[in-house]
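Here is the structure we will look at, set down as structure tokens.
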Amino acid sequence: MASQDKTVADAAGAFAAMDRASVASCFFDDHLLEHEFVQAHPQLRKQAESISDALADFYQQCASVWSDLEGTRAGG
């Protein structure tokens, strides 16, 4: 983990976080959200869908930060 006094605030770090968010989201969707036990229980399915949506939102936030950093790096 990054120390408090050294923040990883570059495009490469943002891209790595975006990549890991994508992996986590795909894993969750493929192995939990789509699991037959979860699908068979409405309360579990609803919670899993909320988690899936939150992971997708987190990925989008990482992508936005990455895009901003790439724009800054490119002088935009």
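The values are calculated or read from the model by the stated rules, or taken from the named source; none is laboratory data. For clarity, every value in this text was computed on a predicted model and none was experimentally measured. Counting neighbours? That spans all protein chains shown, and the Cβs are built from the backbone with ideal geometry, glycine included.
Quick notes on this structure:
- Every listed requirement among (1) touching a helix residue (DSSP H, G or I) at 6+ places or on another chain (Cβ under 9 Å); (2) at pLDDT below 95; (3) among the hydrophobic types (A, V, I, L, M, F, W, C) is met by A48 save one, (2).
- Residue among A54, A24 that is of a type in the set (G, A, S), surrounded by fewer than 16 Cβ atoms within 10 Å (Cβ to Cβ) and touching a Phe, Trp or Tyr at 6+ places or on another chain (Cβ under 9 Å): A24
- Residue match in segment 51-64 (condition: over 16 Å from the mean Cα position of the chain (by Cα) and outside any loop (DSSP other than H, G, I, E, B)): no
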